[in-house]
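Participant: There's a structure below that I have some questions on.
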C-alpha cells in the first residue's frame with residue numbers, strides 16, 4: 001500500500017526540509033489536541049467536588065486560549081507546507097510528462113492514444129498530488145495522532161477501558177485493507193475507461209465537420225453515450241467499494257462507544273474512575289473517530305495514488321525510439337546527402353516500405369520525389385527526419401551516417417512542411433514566427449511574400465493578428481499550406497522539405513511559390529514530394545517511387561524521354577490543364 005511513497009522518494013528527498021517541518025508541526029498539533037479533553041475532565045471533577053474558584057477557572061481558560069491560538073498558527077503553517085509540496089509535485093510531474101511527449105517519436109503515439117495520454121496528465125497526476133498532500137496528512141493522523149490519543153486514554157484514564165474500547169479497531173483494519181486492494185483494481189479500470197472516452201471526444205471534435213456532412217450525429221452521440229456509460233459503470237464499481245469504508249468505521253466506533261459507556265460505568269461504580277475521567281475518555285474516543293476514518297482514507301488515497309503513479313511512470317519509462325549516440329559526430333554543414341541501399345519497414349507493416357534506395361543530393365540542388373499514393377514518398381522523408389528507428393543500408397550527410405550525428409543537429413538544418421498542416425490556436429503572426437521566434441519584421445514580410453500569402457493577408461479581418469482557430473479551422477486549405485510554408489521559409493533552413501505542400505493552391509500560385517523558392521534558395525537544398533509534376537520540373541534530380549523502390553530517376557527532360565510512369569503522368573496532367 002505504501003509503495004507509492006517509495007516511488008516518490010526522489011521528490012521527498014528533494015523537498016525533505018519542507019516536508020520535515022510540516023510533519024513535525026503536524027505532530028505537535030496532534031499532541032496539543034490531546035490536552036483540552038484532559039483539562040475538561042479535570043474541570044468536571046473540580047466542579048463535581050465543589051472546589052471551582054475564579055482563579056482556577058481563569059487559569060484553565062488561559063490555557064485553553066493559548067492552545068487554540070497556538071494550534072491555529074501551527075495548523076496554518078503545516079497545512080500550507082504540506083499541500084504546497086503536493087501542488088509542486090503535480091507541477092514537476094506534468095512538466096516531465098510534457099517534455100517526454102515532445103521527445104517521443106511516432107511509434108510512441110501509435111501505441112498510446114491522445115485521450116489516454118491526457119487522462120494520465122490530468123486525473124492521474126491529480127491522484128498522485130493528493131497522495132503527497134492529503135495522503136501524508138492521513139498517514140500521520142492514522143498513526144501518530146491515533147497513537148497519541150490511545151496513549152492518553154491509557155496513561156491518563158484507564159488501560160483496561162482503553163483495551164476493551166479499541167477491540168473493534170483491528171477488525172476494521174482487516175476489512176479496510178481488503179477493500180483497499182479492490183479499490184486499486186477498480187480505479188485502474190475506471191481510469192483506462194476515462195482515457196478511451198477522452199480520445200473519443202477528441203476525435204469527434206476534430207472530425208465534427210465530417211460527422212455533420214455524413215449525418216452521423218446520432219450515431220456519434222450513441223457511441224459517446226455507450227462510452228460514457230462504461231466510464232460511469234467503472235467509477236460506480238469503485239465508488240461502491242469506497243462507500244463501504246464509511247459504514248465500517250462508523251460501526252466500529254459505535255461499538256467502541258457502547259463498550260466505553262458500559263464498562264466505564266462499571267469502573268466508576270467500583271471507584272476505579274471518576275465521572276470527569278469517563279467524560280474525557282469519551283471525548284478522546286470522539287477524537288479517535290477521525291484517525292480511524294483517516295486510516296480508511298489513507299488506504300483509499302494510497303491505492304489510487306499508486307495506481308495512477310504506475311500509469312504515469314509507464315509513460316515516463318518509455319524509452320525514446322530514436323536515441324543519440326554517446327559521442328555523436330558533429331557536422332558543420334550538410335554539403336551532401338546520400339542514400340545507399342536504404343531499406344525500411346514500419347513496425348506494424350508486413351512488407352518492406354522502402355527498398356534499395358540509392359541516390360545522392362548535393363548542397364544547392366533540388367530533389368523531386370513523385371509516385372502513386374502509398375509509394376513511399378513521405379516514408380523516405382521520415383528517414384531524413386529520423387522519426388523512426390533506422391532500417392537497413394545507409395543514409396549519410398557529408399559522408400557521416402545520420403545515426404552517428406545528433407538528431408537535434410540534423411533537425412536544426414531542416415525546414416519542414418508536412419502533408420497535414422499543423423497550425424496552433426494563435427495568430428497568423430505567431431504561427432509563422434514559430435519557425436524563428438527572434439525573426440525581424442523584415443524577415444516575417446519576406447517569408448509571407450515568398451509563400452505568396454500577401455493578397456490573402458489583406459483580405460483577413462485582422463491581418464497578421466487574425467486568430468486561426470484550433471488547427472487553423474478559420475483558414476482555407478490553401479491558406480493553411482502557405483502559412484506553413486512561410487513558417488518553414490522564415491527559418492531560412494539549409495534543407496527545405498515540402499511534403500506535397502502545394503496541393504491545395506491553384507496552378508498560378510504554385511508557380512509563383514516555386515519561382516520564389518528557386519530565386520531565394522540558391523545554394524541551399526530543397527526536397528519536394530508532390531503529385532503535381534509542374535512543382536518539380538525545375539528539380540536537378542527527380543525520382544519516381546513505386547512500392548518503396550526507385551523505378552525511374554533523372555531530370556525532367558530525361559524522364560520524359562524514358563516513356564515510363566513519369567511521362568504518362570505528365571502527359572495526362574498536361575491534358576487536364578495541370579490538375580492533380
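Participant: How far is helix 16-49 tilted, in degrees, relative to the longest principal axis of the Cα atoms in the chain, given as a value from 0 to 90 rounded to the nearest 10?
Facilitator: It is inclined by approximately 20 degrees.
Participant: To continue, here is another question. To check you understand DSSP bridge types, tell me what percent of the beta bridges within the stretch 336-575 (both residues inside) are antiparallel, rounded to 5.
Facilitator: Roughly 50 percent of the beta bridges in the stretch 336-575 run antiparallel, per DSSP.
Participant: For the stretch 336-575, calculate the relative contact order in percent as a whole number, restricting contacts to Cα pairs under 8 Å that are 6 or more residues apart. Walk me through the numbers before you get to the answer.
Facilitator: Working: 427 pairs, mean separation 65.4, N = 240.
Answer for the stretch 336-575 is 27 percent.
Participant: I've got another one for you. For the stretch 3-316, just the Cα atoms, rotate onto the principal axes and tell me the three extents in Å, largest first.
Facilitator: Principal-axis extents of the stretch 3-316 (Cα, largest first): 88, 39, 32 Å.
Participant: If eta is 1.002 mPa s and T is 20 °C, what Stokes-Einstein diffusion coefficient results for the stretch 118-166, Kirkwood Rh from Cα pairs, in µm²/s?
Facilitator: 165
Participant: For the chain, what relative contact order do you get, as a whole percent, if you take Cα pairs closer than 8 Å and at least 6 residues apart?
Facilitator: It comes to 15 percent, rounded to a whole number.
Participant: May I ask you to sort 372, 455 by Cβ crowding, counting other Cβ atoms within 10 Å and putting the fewest first?
Facilitator: Arranged by neighbour count, lowest to highest, 372, 455 become 455, 372.
Participant: Send over the Kirkwood Rh of the stretch 338-493, from the inverse of the averaged 1/r over different Cα pairs, rounded to one decimal Å.
Facilitator: 17.5
Participant: Can you tell me the order of 337-350, 48-61 when each peptide is scored by its average per-residue count of other Cβ atoms within 10 angstrom, highest first?
Facilitator: In decreasing order of mean packing, 337-350, 48-61 become 337-350, 48-61.
Participant: Report for the chain the percent antiparallel among DSSP-assigned beta bridges with both residues inside it, nearest 5.
Facilitator: Close to 50 percent.
Participant: Taking each pair of distinct Cα atoms in the stretch 140-270 once, what is the resulting Kirkwood hydrodynamic radius in Å?
Facilitator: 19.0
Participant: What does the extension gain come out to for residue 181 and residue 209, with contour length at 0.36 nm per residue minus their alpha carbon separation?
Facilitator: 5.6 nm
Participant: Ok, one more. Quickly rank 10-18, 380-388 as a protection proxy: mean count of other C-beta atoms within 10 Å, highest first.
Facilitator: Ranked by mean Cβ neighbours within 10 Å, highest first: 380-388, 10-18.
Participant: Can you tell me which of 539-546, 390-397, 101-108 comes out highest on packing, and rank the rest after it, using the mean Cβ neighbours within 10 Å?
Facilitator: Details: 539-546: 20.8, 390-397: 17.4, 101-108: 15.0.
Ranked by mean Cβ neighbours within 10 Å, highest first: 539-546, 390-397, 101-108.
Participant: In whole angstrom, and with the biggest value first, how far do the Cα coordinates of the chain range along each principal axis?
Facilitator: Dimensions of the chain along the principal axes of its Cα atoms: 119, 51, 47 Å.
Participant: Counting just the Cα atoms, what span does the stretch 275-368 cover along each of its three principal axes? Round to the nearest Å and put the largest first.
Facilitator: Principal-axis extents of the stretch 275-368 (Cα, largest first): 99, 37, 24 Å.
Participant: Measure nothing fancy, just the Cα-based angle from helix 275-316's long axis to the longest principal axis of the chain, in degrees from 0 to 90, nearest 10.
Facilitator: Value to nearest ten degrees: 10.
Participant: Just to confirm the number: angle between the C-alpha axis of helix 477-489 and the first principal axis of the chain, 0 to 90 degrees, nearest 10?
Facilitator: Between helix and principal axis, roughly 90 degrees.
Participant: Still on this model: Using helices alone, I'd like the mean residue ellipticity at 222 nm for the chain: each DSSP H run of four-plus residues gives -39500 (n - 2.57), total over residue count, nearest 500. Please list the in-between numbers first.
Facilitator: Numbers: 24 runs with 353 residues, N = 580.
Only helices count here, giving -20000 deg cm²/dmol.
Participant: I've got another one for you. In the stretch 493-560, what % of DSSP beta bridges are antiparallel (nearest 5)?
Facilitator: Once the DSSP bridges in the stretch 493-560 are tallied, antiparallel ones form about 50 percent.
Participant: Relative contact order for the stretch 1-151: what is it in percent, counting Cα pairs under 8 Å that are at least 6 residues apart? Provide the component values of the computation, followed by the final result.
Facilitator: Values: 72 pairs, mean separation 58.8, N = 151.
Relative contact order comes out at 39 percent.
Bear in mind that the values in this text are calculations on the coordinates, not laboratory data. Just so it is clear, the model here is predicted, and its values are computed rather than measured. Every residue, glycine among them, receives a Cβ derived from its backbone with ideal geometry; neighbour counts consider all protein chains shown.
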